Amino acid sequence: MAFERINILGVNIDSLTMQQAVEKCEDLISERIPSMVATANAEMIMRATKDSELRSILNRSALVVPDGAGTVWAAHHLGCKMPERVAGYDLAQEILKLAPSKNQRIYFFGGAPEVAEKARLKAESVYPGIQIVGTRNGFFKPEDESKIVSEIRKSKPDVLFVALGVPKQEKFIAHHLKQLKVPLCIGVGGTFDVMAGVMKRAPEWMQKAKLEWLFRGMMQPTRAGRLMALPKFVWKVYTQSKN
Ligand code: UDP
């Protein structure tokens, strides 16, 4: 199924619900054609305005979901339909939840040493029967890249989660999509950190109040500078809507 794509600052975002996003991901897995899914929040879209490679990768992706209240707000501000936020973390959990019954093989790539492995243990306890066929931390030298790609390919996953941060994860997937031969590759940012218990997700009330971005900025002071991306994003979208 094709969804309406909303152009937000040059990045085309699919207008769909979580349920539709999950169904689309499952379709991509069954079709067996290596595909990429991205989860676009305001920060990623802002980055893509300056990084044309990232922008072109996103616009070639099989699916770009609206991750973040800012993305949904922007679509509405531009007069377009965007039914709800599809957070990357939640989408990853929905895919993991379905995997055992569909006999799908999953690979976790990214995060600090031990984090992907801890996330695997968590997945195995929360989703009994899940097959995590490999894990690898996300710190490597450029010369290790081809070895990593061949290790992933050898384990024949149906789904590859890549958590290297933006835009590294999107670029890694796009550069190696054909060699990886994985039907569904998705960049998942801090998902393993949350699963491993290294990072906390914002409390539900903050998520509902659309303040998850603020929580992340508070929890990781090193990200504080990145908080400026949101007001810049809002300003740019206002300008886009006037042109
Ligand atoms: N990360 C990694 N390799 C790198 C840089 C980052 O594996 O070279 C991991 C980092 O440990 C974290 C994840 O990427 O687990 C996502 O980082 P962040 O929360 O900053 O993601 P973003 O907000 O950029 O999606």
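The values are calculated or read from the model by the stated rules, or taken from the named source; none is laboratory data. Bear in mind the structure is a predicted one, so any value in this text is a computation, not a measurement. A quick note on method: Cβ atoms are made from the backbone with ideal geometry, for glycine too, and the neighbour counts reach across all protein chains shown.
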So which of Ala75, Ala62, Ala42 is more than 19 Å from Gly190 (Cβ to Cβ) and under 14 Å from the mean Cα position of the chain (by Cα)? Ala62
Those residues of region 125-141 which are within 12 Å of the ligand (Cβ to nearest atom) and assigned to a strand (DSSP E or B) amount to Thr135, Arg136
Show the residue pairs that are 6+ apart or on different chains and have beta-carbon atoms under 7 Å apart, the first residue being within region 101-114 and part of a strand (DSSP E or B), the second being of a type in the set (Asp, Glu). Arg105/Asp158
Let me confirm something: among Lys122, Lys208, Lys178, Lys102, which residue is away from the ligand (no atom under 12 Å from the Cβ) and at pLDDT below 95? Lys208
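Here is a check on your reading of the model: is Arg85 more than 11 Å from the ligand (Cβ to nearest atom), under 14 Å from the mean Cα position of the chain (by Cα), of a type in the set (D, E, K, R) and within 30 Å of Ile13 (Cβ to Cβ)?
Working: more than 11 Å from the ligand (Cβ to nearest atom): yes; under 14 Å from the mean Cα position of the chain (by Cα): yes; of a type in the set (D, E, K, R): yes; within 30 Å of Ile13 (Cβ to Cβ): yes.
When the stated conditions are applied, Arg85 passes them.
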Could you please find all residues in region 182-199 being more than 12 Å from the ligand (Cβ to nearest atom) and under 19 Å from Ser125 (Cβ atoms)? Gly197
Determine which single condition Gly165 fails, assuming it passes every other condition in (1) over 11 Å from Tyr107 (Cα atoms); (2) of a type outside the set (Ser, Thr, Tyr); (3) buried (at least 22 other Cβ atoms within 10 Å of the Cβ). (3)
Residue check: is Lys242 modelled with pLDDT under 90 and either away from the ligand (no atom under 16 Å from the Cβ) or more than 22 Å from Met46 (Cα to Cα) (or both)? yes
Determine whether Leu58 is crowded, with 20+ Cβ neighbours inside 10 Å and in contact with a strand residue (DSSP E or B) (Cβ under 6 Å, 6 or more places away or on another chain). yes
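Conditions tested, residue by residue: (1) small (Gly, Ala, Ser); (2) touching a Gly at 6+ places or on another chain (Cβ under 7 Å).
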{"site": "Leu91", "(1), (2)": "no, no"}
{"site": "Glu94", "(1), (2)": "no, no"}
{"site": "Ala99", "(1), (2)": "yes, no"}
{"site": "Asn103", "(1), (2)": "no, no"}
{"site": "Phe109", "(1), (2)": "no, yes"}
{"site": "Val115", "(1), (2)": "no, no"}
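For Arg32, are the conditions met, namely being modelled with pLDDT of 95 or more, farther than 26 Å from Arg226 by Cβ and in contact with a strand residue (DSSP E or B) (Cβ under 6 Å, 6 or more places away or on another chain)? First the steps, then the outcome.
Values: modelled with pLDDT of 95 or more: yes; farther than 26 Å from Arg226 by Cβ: yes; in contact with a strand residue (DSSP E or B) (Cβ under 6 Å, 6 or more places away or on another chain): no.
Judged against the criteria, Arg32 is not a match.
Looking at Gly217, Gly190 in this structure, which one is touching a Lys or Arg at 6+ places or on another chain (Cβ under 6 Å) and within 30 Å of His77 (Cβ to Cβ)? It would help to see each step written out before you state the result.
Details: Gly190 fails: touching a Lys or Arg at 6+ places or on another chain (Cβ under 6 Å).
It is Gly217.
Which residue, of Arg201, Arg153, is surrounded by 15 or more Cβ atoms within 10 Å (Cβ to Cβ) and without any contact (Cβ under 8 Å) to a residue 60 or more places away in the chain? Talk me through it step by step, then tell me what you get.
On the way: Arg201 fails: without any contact (Cβ under 8 Å) to a residue 60 or more places away in the chain.
Only one candidate passes the filter, namely Arg153.
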Regarding region 62-76, can at least one residue be identified that is of a type in the set (A, V, I, L, M, F, W, C), more than 25 Å from Glu204 (Cβ to Cβ) and within 16 Å of the ligand (Cβ to nearest atom)? yes
Checking Asp27 against (1) under 14 Å from the mean Cα position of the chain (by Cα); (2) at pLDDT 95 or above: exactly one of these is not met. Which one? (1)
